[in-house]
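Scroll down for the structure; my scribbles are underneath it.
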Amino acid sequence: MNFLIAPNALKGSLSALRAANTISQSLKGIAPDVATVLCPVADGGDGVLECLVQATGGKIFEANVQGPVSSLRVNARWGVLGDGATAVVEMAEAAGLRLLSPPQYDIANATTYGVGELILQALKAGLKKIIVGLGGSATNDGGAGCARALGVKFFDEHNNELPDGGIHLARLHHLEIKNYELGPPEADAPLAQIKNAEIAGLADVTNVLFGPSGAAYTFAAQKGASDELVAQLDEGMRLYASIIERETHRKVSNFPGSGAAGGLGAGLMAFCNARIISGIDYVLDTVRFDTLLQQCDCVITAEGMIDTQTLRGKGIEGVARRARKYKKPVHAFVGQIHGDPTALCKSLGLATLHQISPDVLSAHEAMKSAETFLSNAVRDYFFTELTKK
């Protein structure tokens, strides 16, 4: 039996590559001669940098940049693909929730400024194609912080420059984008360089910028926001959208994926003329998933958590969608299932869906033992299949 092993990272526990190795070793522990092909994947969120760089034989670099909160500087990685021409920026490296402990969560004031600094690193290296992974953010600033790092200024009605953070966008009155158009005397300014660059945001969700399916109402609570703060952030996003659409002449608010990474998707569209595309599809194409798929009997995938958001562009959804084209069964192993397992399994078109950690454990406890849980769950399910005579 030939297995294609295509897990996403189990956030906070295992990288996609480590998860793939764990699954392969578990299978070979049952049947040493079993054929496994490792194909770690990512959907635009955590792990997309490593996944793309490893798949293409690229290089990873590091820069010290602003973290998601003003008191934190971080050493954030960014990469160049094997083609030598395409940069990869994983926004979570500079502005990810994983960089903070819960007492540090401050979504009202959190910033994507460091993401803009990473984009500047790529521009200074002369790279004309930049891929930005949108996912795992600690922010809800609509990408305003990123834009500030690239030269945009945000003012209130009294012409006072606004501080970082989505909570302050409710006072936004106008922008200053001096460097936006090419030409002297600022032809080497960041935004001028971006006009000659091709930027794509890899989204792992299809959420829009504001409203019931927007960035704040969908994701802010898990980043520490109260109900009251969620409503305030959403109002700020509405005003922000109207002003950036007025001043950049780019419609962003209702575009699927504009709400990704706390609205960074919208900011990249407005200020960097970025395209927002499916992260999982870009990654699957890059790692030649379909070619590998045709040579296997079944697919094993994994992720840290599955819920209804998984249906909107997450890793398991993309893997299962591709596999259905070739009528290959997909077996999914996840840390936790939030929702009706039977309904989720059917909606995703999975052959089987397995929760690897016991319900009685907290998420923190489950993550500490994720490797063992994943190995045991794969072994327990496939033991009978692989020991048939």
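Quick notes on this structure:
- Counting only helices (runs of 4 or more DSSP H) that fall entirely inside region 230-311 and contain at least 2 residues that are surrounded by fewer than 24 Cβ atoms within 10 Å (Cβ to Cβ), hydroxyl-bearing (Ser, Thr, Tyr) and touching a residue at least 12 places away in the same chain (Cβ under 8 Å), the qualifying elements are 279-286.
- Qualifying residue in region 48-58 (condition: modelled with pLDDT under 95, assigned to a strand (DSSP E or B) and outside the structural domain of residue 302 (by TED's automatic domain parsing)): no
- The residues in region 118-129 that are crowded, with 24+ Cβ neighbours inside 10 Å and either touching a residue at least 60 places away in the same chain (Cβ under 8 Å) or within 15 Å of the chain's Cα centre (by Cα) (or both) can be counted, and the count is 1.
- Take the conditions (1) at pLDDT 95 or above; (2) buried (at least 21 other Cβ atoms within 10 Å of the Cβ); (3) of a type outside the set (D, E, K, R); residue 194 misses just one of them, which is (1).
- Residue in region 68-75 that is surrounded by fewer than 20 Cβ atoms within 10 Å (Cβ to Cβ), in contact with a Ser or Thr (Cβ under 8 Å, 6 or more places away or on another chain) and either of a type in the set (Ser, Thr, Tyr) or within 22 Å of residue 284 (Cβ to Cβ) (or both) present: yes
- Filtered residues of region 216-229 (kept if surrounded by 19 or more Cβ atoms within 10 Å (Cβ to Cβ), within 16 Å of residue 135 (Cα to Cα) and of a type in the set (A, V, I, L, M)): 216, 220
Each row is one residue, and each column tells you yes or no for (1) free of Cβ contacts under 8 Å to residues at least 60 places away in the same chain; (2) surrounded by 14 or more Cβ atoms within 10 Å (Cβ to Cβ); (3) in contact with a Ser or Thr (Cβ under 6 Å, 6 or more places away or on another chain).
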residue: 316; (1), (2), (3): no, yes, yes
residue: 319; (1), (2), (3): no, yes, yes
residue: 326; (1), (2), (3): yes, no, no
residue: 329; (1), (2), (3): yes, yes, no
residue: 336; (1), (2), (3): yes, yes, no
residue: 351; (1), (2), (3): yes, yes, no
residue: 356; (1), (2), (3): yes, yes, no
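- Any hit, region 5-14, residues being more than 18 Å from the chain's Cα centre (by Cα) and surrounded by fewer than 18 Cβ atoms within 10 Å (Cβ to Cβ): no
The values are calculated or read from the model by the stated rules, or taken from the named source; none is laboratory data. Since the model is a prediction, treat every value here as computed from it, not as a measurement. When we count neighbours, we look across all protein chains shown, and the Cβ atoms used for this are built from the backbone with ideal geometry, even at glycine.
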